Amino acid sequence: MSTATHTTPLFSRNLRKQYPVAVRGEGCWIIDAEGRRYLDASGQAAVVSIGHGVQEIGRAMAEQSNRIAFAHTTQFHSQPAEKLAARVLAIAPRNFQNGGRVYFVSGGSEATETAIKLTRQYFLESKQPSRYRIVARKQSYHGSTLGAMSVSGNVARRSPYAPMIPEWGHVAPCFCYHCPFDKTFPECNIACADDLDTFLRNHDASSVAAFLFEPVVGATLGSAPAVDGYTARIAEICRKHGILLIADEVMTGMGRTGKPFASEHWGLEPDIILTGKGIASGYAPLGAVLVSPRLVDAFEKGTAAFMHGFTYQAHPVATAVGDAVFDYLETHTLFERVTPAGQTLRNSLAPLDSHPHVGQVRGLGLLQGVEFVKEKSTHEPFPKEAGIAEGIRQAALEKNVLLYPGQGCVDGARGDHVLLAPPFIITPEECQLIADALRYALAKVFSA
Ligand SMILES: Cc1ncc(COP(=O)(O)O)c(C=O)c1O
């Protein structure tokens, strides 16, 4: 019998695992109850942007909590929520200016749920009641609640709940390293984007309400950005079929890829943007749904009342944290730091490229992935049972470096990667520690 099950009253993520207790954070480091220091190379899960242990944030939480901690959104707005909404809209793509609105929630999954329901009600307000399906992509992740699971294409996370979730349709991802069409960019003419058009033409487009996608696929594919031209083609297809375009920027939003929102790398103007994670840098549970003016307009001309809600939406303390994190990002010019810091990280990782089992180092800004392959020339993955990504994580941990491993990037089962998403304050020396730990892990895992 595992002793771990008796040492904690928590229903852990994995009941067979022992978890150290995190007691303090300092910059890019987490310190546990035994005093061991860990370098947070993945910002936990692409969450921590400003670093751990920033005292200003705690003070802002205390101040807001002492003033007013909670006021229900059926009766009140709060100053921090209004302020943060205006600031987030100001850095959003152009189409959110002049009348966009923000719906604050407590995390990414709630953002996805909210977007699904908002999309449905938008079409009711617009007198198109047949539209309700949200088409998404294979190899994607949009959250763990049942609505968010139904759009997620992540096979492993989806499969236990398959009987409980609808299948509204999943089209091909944009993932050149393992192209689902065995083509090469740009000769492929972005066939993966056209897969959406083909799907809509063959599957009752009149019932489809939106297309939802990650501009840079995070956890599932290990930071796979869309190729140039993809998002423009997708936007055109959505327009042609009269459906909304939703960008899931829960991981990529709030500066992680070098722009406030990753959509801006390609000049994309989605109808809805979801964000989370970095918006509060882990100091409070917070997510947001950015709603473009034309959707707001349809609600205003219709019932004006969104039939949805959470007790803790737009929470005053959580949004005060969002404001304090935003202040910190601005005061320390951290939005601007991501691209050069990402380049430093890439330079540190460059020597790994020649390793026979490093297939690709990829990503944008401070969202980078390293994929491990059995055969470099063919991109053939290891069998799932080899557990390569987890092996790399464990070996890097021996060097006190925390990584976010993932499996299934090829077909939902095979394909191993680790995701790197350190805080925006990462130093060149810390980038080198990450590269050193990865080199050690590669040597250890592949020495056998
Ligand atoms: C792209 C994306 N969407 C949604 C989510 C769900 O967010 P949360 O775990 O905060 O509910 C995640 C979490 O990893 C994500 O990466």
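The values are calculated or read from the model by the stated rules, or taken from the named source; none is laboratory data. If you're wondering where the values come from, they're calculated on a predicted model, not measured in any experiment. Cβ placement follows ideal geometry from the backbone for every residue including glycine, while neighbour counts extend to all protein chains displayed. These area figures cover heavy atoms from the full protein model, side chains too; ligands, DNA and RNA do not enter into them. Shrake-Rupley method; radii C 1.70, N 1.55, O 1.52, S 1.80 Å.
Would you mind finding the one in ALA60, ALA81, ALA111, ALA85 that is within 24 Å of GLY255 (Cβ to Cβ), within 16 Å of the ligand (Cβ to nearest atom), in a helix (DSSP H, G or I) and of a type outside the set (S, T, N, Q)?
Working: ALA60 fails: within 16 Å of the ligand (Cβ to nearest atom); ALA81 fails: within 16 Å of the ligand (Cβ to nearest atom); ALA85 fails: within 16 Å of the ligand (Cβ to nearest atom).
Selected residue: ALA111, the only one of ALA60, ALA81, ALA111, ALA85 that is within 24 Å of GLY255 (Cβ to Cβ), within 16 Å of the ligand (Cβ to nearest atom), in a helix (DSSP H, G or I) and of a type outside the set (S, T, N, Q).
Considering each of LYS83, LYS127 in turn, give the residue that is free of Cβ contacts under 8 Å to residues at least 60 places away in the same chain and of a type in the set (Lys, Arg).
Working: LYS83 fails: free of Cβ contacts under 8 Å to residues at least 60 places away in the same chain.
Of LYS83, LYS127, the one residue that is free of Cβ contacts under 8 Å to residues at least 60 places away in the same chain and of a type in the set (Lys, Arg) is LYS127.
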Problem - Top-ranked residue of the range 143-183 - restricted to ones that are away from the ligand (no atom under 12 Å from the Cβ), open to solvent by less than 10 Å² (accessible area, probe 1.4 Å) and aliphatic (A, V, I, L, M), ranked as nearest to GLY415 (Cα to Cα) - result: ALA172
Fill in the blank from the handout: With criteria (1) modelled with pLDDT under 95; (2) more than 19 Å from the chain's Cα centre (by Cα), ARG201 comes up short on (1)
Handout entry: Residue, farthest from ALA69 (Cα to Cα), within the range 294-323, restricted to residues that are within 14 Å of the ligand (Cβ to nearest atom) and aromatic (Phe, Trp, Tyr)
Key = PHE310
Practice task
Note down all Cβ pairs under 6 Å where the first residue falls in the range 190-203 and is over 14 Å from ALA235 (Cα atoms), the second is open to solvent by less than 10 Å² (accessible area, probe 1.4 Å) and among the hydrophobic types (A, V, I, L, M, F, W, C), and they're at least six residues apart or on different chains.
Solution key: PHE199/VAL171
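Mind counting the residues in the range 88-107 that are open to solvent by 20 Å² or more (accessible area, probe 1.4 Å) and either among the hydrophobic types (A, V, I, L, M, F, W, C) or within 16 Å of the ligand (Cβ to nearest atom) (or both)? Show your work before the answer.
Our first condition is that a residue be open to solvent by 20 Å² or more (accessible area, probe 1.4 Å); within the range 88-107, this holds for 89-91, 94-95, 97-99, 101-103, 106.
Next cut, either among the hydrophobic types (A, V, I, L, M, F, W, C) or within 16 Å of the ligand (Cβ to nearest atom) (or both) only: 89-91, 102-103, 106.
Result for the range 88-107: 6.
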Problem - Filter pass, GLN128 being within 17 Å of SER207 (Cα to Cα) and away from the ligand (no atom under 16 Å from the Cβ) - result: yes
Fill in the blank from the handout: Residues of the range 293-338 being in contact (Cβ under 8 Å) with a residue 60 or more places away in the chain and small (Gly, Ala, Ser), in sequence order, are ALA298, GLY302, GLY309, ALA314, ALA318, ALA320, GLY322, ALA324
